[in-house]
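S.K.: Starting off with a structure, shown below.
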Amino acid sequence: MSEPRDDVELRRLEALAMRGGAVVPSRLGALLADEDWRVRKQAAETASERMIEPGVLDMLVVGLLQSDDVGLRNAAVEAFARAPDEHTPRVASALEAALARSSRTARKFVAAALVGAGEGGVAPLASLVRDEDVMTASCAVEALASLVRRGVASGTVEALLVETLARSEPVLRLAALDGLIAVGAEVEARQLGPLLDDAITRPSALRLLARARSASSREGLDEVARLLLATLAHPRSTVEAALALARRSDPELPPDRRSFADARGRAALVASFASLGDTALTEISVAMAARPPAEARWLARLALDAEEMRLLPAVVELGARAEL
């Protein structure tokens, strides 16, 4: 039987009242461990704002490191992650100390909490990225990406994310790719090429490859274009590769990001599409009808650049819908 709504609301309001009034750490800790998520959420918000009040930081560290109450642990992570900028030095110091005495299981939760440490979290997270436990390392990668989105030490963090692309564990490579996408990073094509061979990392690698700078040129075809054309015929990757190719064909792009700008490059594009089977072309046709208008237009323009007559009906249909 569910608890009366009024009782839950009273506890939530109690946590809210501590934001502007007296804070009793033991009581706030109990509210962080409340059975109702709404109470825990409000308590976490209060704890993040009143973190430097006597006893609150220590209480949060205890909640973070314990393993008996998942709700309390997650609320502690949320409180740390929401820490105001003026509290980040204290948070960094507390979490580094917590990391030194944390169990192997708790290390990944400390990694998630280090988002609230600001620039002071970069060094411990850099160490955790190399942790032997894959889940801990993955949490550290995600935390570093969150720091970059907040404008913290972007150059250092991006370098760590790029370094992680060379790890052997797919979950780590994927976390690093997603972090690099989120922060708008530019990664060299040579670092993304090996990730196109893995079905898990291929979609994210293609998204980064679309905006990568061309590292070399051979026979009129830049390195990025060669990788994308090689991926075009790969099962379940045709549409994403085609979208990346379309973006690389934009005449408004600067020279070091534009592919197929000369006759030899365009000839390679035409030849690659001519070699595609009906299944791949059907995927592109379906995408033109189902994808958001902007992506559908990219695919249509690519079909025209590739002189692929088998895609012409899909292009005409798109134009008939006034979306071209």
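S.K.: Share of the chain's accessible area from carbon and sulfur, percent, 1.4 Å?
M.R.: Percent of accessible area from carbon and sulfur atoms in the chain: 53.
S.K.: Could you give the nm distance between label points at residue 67 and residue 149, where each point is 7 Å from its Cα heading toward the beta carbon?
M.R.: Label at residue 67, label at residue 149, 3.0 nm between them.
S.K.: So if each residue of separation counts as 0.36 nm, and I subtract the Cα-Cα distance between residue 186 and residue 278, what length gain in nm does that give?
M.R.: Fully extending the segment from residue 186 to residue 278 adds 29.8 nm.
S.K.: Say R0 is 25 Å: what FRET efficiency, to the nearest 0.05, do residue 17 and residue 101 get from their beta-carbon distance?
M.R.: 0.15
S.K.: Next up: Just the number please: accessible area per residue for region 1-122, 1.4 Å probe, all protein chains included, in Å².
M.R.: Per residue, region 1-122 has 49 Å² of solvent-accessible surface.
S.K.: With each label point set 7 Å from Cα along the Cα-Cβ vector, what nm distance links residue 26 and residue 127?
M.R.: That separation, rounded to one decimal, is 3.4 nm.
S.K.: With a sphere of radius 13 Å drawn around the Cβ of residue 156, what net charge do the other residues whose Cβ falls strictly inside it have (Lys, Arg +1; Asp, Glu -1)?
M.R.: -3
S.K.: Which parts of region 82-105 would a label at residue 119 reach, counting a residue when its backbone N lies under 19 Å from a point 7 Å out along Cα-to-Cβ?
M.R.: 83-96
S.K.: Send over a whole-number figure in Å² for the accessible area per residue of region 226-324, probe 1.4 Å.
M.R.: Here the per-residue accessible area is 51 Å².
S.K.: When the chain is fully extended, how far beyond the present Cα-Cα distance does residue 6 get from residue 290, taking 0.36 nm per residue of separation?
M.R.: 97.6 nm
S.K.: What's the ranking of 224-231, 264-271 by average number of surrounding C-beta atoms within 10 Å, highest first? If you can, show how the numbers build up before the last one.
M.R.: Details: 224-231: 22.1, 264-271: 16.1.
Result, highest mean Cβ count within 10 Å first: 224-231, 264-271.
S.K.: While we're here: Computed from the coordinates I sent, log10 I(q)/I(0) by the Debye sum over Cα atoms at q = 0.13, 0.15 Å⁻¹ equals one of (1) -0.91, -1.04; (2) -0.98, -1.33; (3) -1.11, -1.43. Tell me the label.
M.R.: (1)
S.K.: Which length gain, in nm to one decimal place, applies between residue 134 and residue 267 when the Cα-Cα distance is subtracted from 0.36 nm times their residue separation?
M.R.: 43.4 nm
S.K.: Another question, if that's okay. Each label point is 7 Å from the Cα along the Cα-to-Cβ direction; what then is the distance between the points at residue 163 and residue 52, in nm?
M.R.: Modelled inter-label distance: 3.1 nm.
The values are calculated or read from the model by the stated rules, or taken from the named source; none is laboratory data. As the structure is a computational prediction, the values presented were derived from the model and not from experiment. FYI the Cβ positions are ideal-geometry reconstructions off the backbone, even for glycines, and counts take in every protein chain you see. Surface areas here come from the heavy atoms of the whole protein model, side chains and all, with no ligands, DNA or RNA. Shrake-Rupley method; radii C 1.70, N 1.55, O 1.52, S 1.80 Å.
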